[in-house]
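What follows is a set of notes on a single structure, which appears directly below.
Each reported figure results from applying straightforward, stated rules to the coordinates on display, with no laboratory input. Source: prediction; values computed, not measured. As a convention, Cβ positions derive from the backbone with ideal geometry for all residues, glycine included, and neighbour counts pool all protein chains shown.
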């Protein structure tokens, strides 16, 4: 039976392996990426994958976690990357493995796997693992940034299960020097658990976080950083990343209530579009989902009873909640009303409510 899911070297990867012994340079794999295959059925053949230089639609890229020669088969390497808990909301159908110069070394036709996010009610990372046939060349290496490598749950549980605990302290205990040999804490001198110093007396060392005062709007203290854009907390501080994202959204959001724009096609407006017609004339407003993002909302309001307002999807039909579809939605003359539409793909728009 033909294997349905597999990993192949790209033509650039084959060339890199061939040149490695000639040039005396290692093949260094540094990153991996995953893609959703364009959000549709993804079924390339081997030759198409070999000729590819990038994924069809990359949705995440990160540092690889592990690369090692298969101890049972010296002609291939095991490689692994992990998509973290915070990333997702899409279905993985493809994966790429990249050299340090950005060349796609190998590509994987991956079994469709939905990567959840915390908002889905499921908190999990997605390990992406495969074997790459390297033909017995042992000069394949990985270069990693140890600050971003993720440990999978299986790895941590295995490490804990195999570890001898005799040299470490339980987190909730402070042991005396006499007891330290018998328990888990490294040998040394330790203050009693109830021993305390005023903060002004401490010149060096490490504070336990729980002993530091929390910051409020009235006093100084320790504050937790957050990159969330939807938080209403007054006890966390925004990171530079959050401020950058807010600024990007502000630059791309269409002003609410753009009035009487005529017969136009929506531009690459983000997140929310609001169009108001109140001049009593007939207009056609065309939505172009290919330049928008999944989940973007388009709102069209008619405040005058005169004229007719037509709303079209220039990439196809408008889907209705009852499963039907239509070539256009319109608010007729003699009526006022408001339509809301939601972009659900690069070609699809759904009517989600209104007159």
| task | Can you tell me the FRET efficiency between residue 278 and residue 116 if r is taken as the Cβ-Cβ distance and R0 is 56 Å, rounded to the nearest 0.05? | result | 0.80
| Does a label point 7 Å from the Cα of residue 286, set along Cα-to-beta-carbon, have any residues of the stretch 301-336 with amide nitrogen under 11 Å, and which are they? | 312-316
| query | In whole Å, what is the distance between the alpha-carbon centres of the stretch 296-319 and the stretch 51-129? | reply | 40 Å
| query | By its C-alpha gyration tensor, with a ≥ b ≥ c as the square roots of the eigenvalues, how is the stretch 6-157 shaped: rounded for a/c under 1.5, else prolate for a/b larger than b/c, else oblate? | reply | oblate
| field | Within the stretch 209-238: backbone nitrogen closer than 15 Å to the residue 86 label point (7 Å, Cα to C-beta) | value | 224-231, 237-238
| note | Note: residue 46 to residue 260 extended length (0.36 nm per residue) minus current alpha-carbon separation gives 71.8 nm
